[in-house]
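Here's the structure, in structure tokens; my notes come after.
The values are calculated or read from the model by the stated rules, or taken from the named source; none is laboratory data. As the structure is a prediction and not an experimental result, all values here were calculated from the model. Methodologically, a virtual Cβ is constructed for each residue, glycine included, from the backbone with ideal geometry; neighbour enumeration extends over all protein chains shown. These area figures cover heavy atoms from the full protein model, side chains too; ligands, DNA and RNA do not enter into them. Shrake-Rupley method; radii C 1.70, N 1.55, O 1.52, S 1.80 Å.
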Amino acid sequence: MNFDSDQELEDFVSKFLINQGAVVEKNAQGFDLLLPEKTADLLSTPEYIRLKRESDQDREEDTYSFNYGSPLLDKMVDIACATVPVTACCLEFNYLKSQGFDKLITSLFSFSGSVGRVETHAETLTDYLAITCRYLAQSDEQKMGLLSLIFNLETGAYIPEMSELLVGADKRFTARRDNNSLTGKKVGTVIGWIERQARASLKEEIAPFIASMTRRFRRDAANLEEYYRNMQREMEQGLQRSNLSEQLRRDRQEKIALLPDELAGKKDDLYKKYSIKIKIEPAAAMMIRTPAVKLLYNASIGKKEKRLTFIYNPVTKSVDPLCCEGCGISTFQIAFCSSLHLLCPTCVKKCPVC
Ligand SMILES: [Zn+2]
Ligand SMILES: [Zn+2]
């Protein structure tokens, strides 16, 4: 074991414990700890313990090893991996767009059955949430990877192009442990966004994997059918031999009659073998607070009017899409039902809200 991995191990253990709210005192062999009750429960240890590098054999009372392979380290790693770390950053812009919003909206959005204009605009702060999810697609083979999603926390709008553009933005990282905007009910809402969007984004991401499994299913199914066709032909030819007893002939005929069911069962197994199960879980998240411009827009729909709020996003230098009130997806194609629900092209056929 080299110095670096020793140091890394100690750093991990100490950061983990401090994050848990433990009182950590370093000494020559390891750490003296006072653990919060919850952490002690999770680790199945007393609240006051001593950690040492060497193994657990001939251990003194309340002294635990945190070396590689130790049960205590395994538990810490499990706990650390079970929580989604949230970092936070603030973006800074020297210049924010202050005019030309109508033109921008007209170039980005299509409105069906309505016209409108920006009535007023105001600089504001808004929060985006960037989430990295781990995914695992399991079939006869498996594929895993990471998926990045970014949403506006206020509106739920999905802004895929923001991930790349963020790299170049002027940002300051902050340790905001009190993520007020991501608690309680909001967490459930965000999980809904992730589930909906991850499914759609993943479809593109793993399209080659799906195609490959489909191809192999078709190939194996075709081979199977051919195998059964040949077998049936041979068995039928065998029936024509004159030296068969009546009993043997009946047995063979029964077997031939069973072949289609047998084939259907085998094809069913193949289908199960190549069907794809997908698991998605959040791995890390970053809250991004940024200056932005809120645009209050008045839409005239026939004789009625509706107020809409657009957000000018200085990272993408564009206006964020709006969210369909029917299904929640982000859209640049805006339509309304007769009760003025804002709808995407799919939902406008039959308003899910009305
Ligand atoms: Zn919709
Ligand atoms: Zn409606």
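Model label points for ASN94 and MET235, set 7 angstrom from Cα along the Cα-to-Cβ axis, are 8.2 nm apart. Which of LEU72, LEU342, LEU136 ends up with the largest GNM mean-square fluctuation for the chain, with Cα atoms connected below 10 Å? In the Gaussian network model the winner is LEU72. Here the Gaussian network model covers the chain, with springs between Cα atoms less than 10 Å apart; of VAL84, VAL13, VAL190, VAL13 fluctuates the most. Structural descriptor for segment 208-275: relative contact order 58 percent, calculated from alpha carbon pairs under 8 angstrom and at least 6 residues apart.
Among the GluC sites (Glu not before Pro) found in segment 108-167, those both in a DSSP coil and sparsely packed, with 12 or fewer other Cβ atoms within 10 Å of their Cβ, are GLU141, GLU161.
Taking trypsin sites (Lys or Arg not before Pro) across segment 11-72, the ones in a DSSP loop with at most 16 further Cβ atoms lying within 10 angstrom of their Cβ are ARG53, ARG59. Loop-located trypsin sites (Lys or Arg not before Pro) in segment 219-281 (DSSP state other than H, G, I, E, B) with a sparse environment of at most 13 neighbouring Cβ atoms within 10 Å: ARG241.
Please identify, among ALA40, ALA211, ALA299, the residue showing maximal mean-square fluctuation in a Gaussian network model of the chain using a 10 angstrom Cα cutoff. Ranking ALA40, ALA211, ALA299 by mean-square fluctuation puts ALA40 first. Report summary: the helix-based calculation at 222 nm, which adds -39500 (n - 2.57) for every DSSP H run with n ≥ 4 and divides by the residues of the chain, gives -12500 deg cm²/dmol. Accessible surface of the chain, 1.4 Å probe: 52 percent of it comes from carbon and sulfur atoms.
For ILE191, the solvent-accessible surface computed with a 1.4 Å probe is close to 80 Å², ligands and nucleic acids excluded.
The distance from the alpha carbon centre of segment 217-257 to that of segment 7-33 is 71 Å, rounded to a whole number. A Cα-only calculation for the chain places Rg and Dmax at 30.8, 97 Å.
The Rg/Rh ratio of segment 208-275, with both radii computed over alpha carbons and Rh defined as the Kirkwood radius, is 1.18. First check a/c for segment 206-354, with a ≥ b ≥ c the square roots of the eigenvalues of its C-alpha gyration tensor; if it is under 1.5, answer rounded, and if not, answer prolate when a/b is larger than b/c or oblate otherwise. Prolate is the answer for segment 206-354, as a/c is 1.5 or above and a/b outweighs b/c. Within the chain, antiparallel bridges make up roughly 85 percent of the DSSP beta bridges whose residues both belong there. For the chain, the dipole from Cβ point charges (+1 on Lys and Arg, -1 on Asp and Glu) about the Cα centre works out to 2220 debye, to the nearest 20. Distances between every pair of Cα atoms in segment 89-246, grouped in 5 Å steps from 0 to the bin holding the largest one, split as 1, 6, 10, 11, 12, 11, 10, 7, 6, 4, 4, 3, 3, 3, 3, 2, 2, 1, 1, 0 percent.
Calculated on the Cα set of segment 306-354, radius of gyration then Dmax: 11.6, 36 Å.
When each full DSSP H helix of the chain is screened for a Cα extent of at least 18 Å along its own axis and an average Kyte-Doolittle hydropathy of at least -0.5, the helices passing are 3-19. Global size of segment 3-83: 11.6, 34 Å for Rg and Dmax (C-alpha atoms, Rg to one decimal, Dmax whole).
In plain terms, the bigger the Kirkwood radius, the slower the diffusion; for segment 90-130, with that radius from Cα pairs, at 10 °C and 1.306 mPa s, Stokes-Einstein puts D at 122 µm²/s.
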